[in-house]
Amino acid sequence: MQATAHALGPEGAIRQAKTYGDMPRPALQRSEDFQPVPDAERLVLDGDWSRGLPPCASCHGAPASEPPLVEQGFAREAPYLHGQPENYLALTLEAYAEGARKSDPMGRMRAFAEQLTPAERGALAQYYSSWEIIE
Ligand code: HEC
């Protein structure tokens, strides 16, 4: 990524970021083999304030079909997680929890992931990977 960013130069990188940022929000649907993951769903939509965890959806967005964050729509600050591979999400959350991934501004993801149990990280990975982008 470093070599690509360097080759783009500052203006090219801004243009590229704008291109992605301006892309329309993808339409999502639950995959056919979707199994409800209530623990993950609660963390995504409500968070757990007793542990200082805001809802994941407040930064990462939520599909229009998922109340109560319908109006909030597509996240701009943080990557969209729906439809990403389960293994990638699980490993990334583990890397944040262990402090091995340090890409998050102000260390917020590291602080959040540290508060999650391994079972919750697995459930969140399962939940987000159960969505498919349909257009
Ligand atoms: C306060 C905002 C905020 C909240 C709340 C939040 N995140 Fe994040 N998250 C971020 C930001 C910003 C990044 C991007 C870090 C970077 O640029 O690498 C990120 C990155 C991630 C990534 C890596 C995405 C990728 O494509 O590599 C995962 C996975 C993730 N968050 C999961 C979660 C989960 C699960 C929750 C809820 C338990 C959550 N986040 C709550 C802001 C947040």
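Read-outs: derived from the displayed coordinates by stated rules, not from any lab. Note that the structure is a prediction, hence the values are computed from the model and not measured. Positions of Cβ are backbone-derived with ideal geometry, glycine not excepted, and every protein chain shown enters the neighbour counts.
Figures for the structure shown
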{"item": "Trypsin sites (Lys or Arg not before Pro) within segment 93-130, DSSP loop, no more than 11 other Cβ atoms inside 10 Å", "result": "102"}
{"item": "Given charges at Cβ of Lys, Arg, Asp, Glu: the chain dipole, positive-most of 23, 10, 115", "result": "10"}
{"item": "Derived scalar couplings ³J(HN,Hα) [segment 9-14; Karplus, 6.51 cos²θ - 1.76 cosθ + 1.60; whole Hz; x for Gly, Pro]", "result": "x, x, 5, x, 5, 5"}
{"item": "From phi via Karplus (6.51, -1.76, 1.60), per-residue ³J(HN,Hα) for segment 44-54 in Hz, x at Gly/Pro", "result": "5, 9, 10, x, 8, 5, 5, 10, x, 9, x"}
{"item": "Lys, Arg +1 and Asp, Glu -1 on Cβ, resulting dipole of the chain about Cα centre, debye, nearest 20", "result": "520 debye"}
{"item": "Stretch gain in nm, segment residue 23-residue 91, where the contour uses 0.36 nm per residue and the Cα spacing is subtracted", "result": "21.8 nm"}
{"item": "Cα-based shape type of the chain, given that a ≥ b ≥ c are square roots of the gyration tensor eigenvalues and the cut on a/c is 1.5", "result": "oblate"}
{"item": "Pair residue 45, residue 106: separation of 7 Å Cα→Cβ label points (nm)", "result": "2.7 nm"}
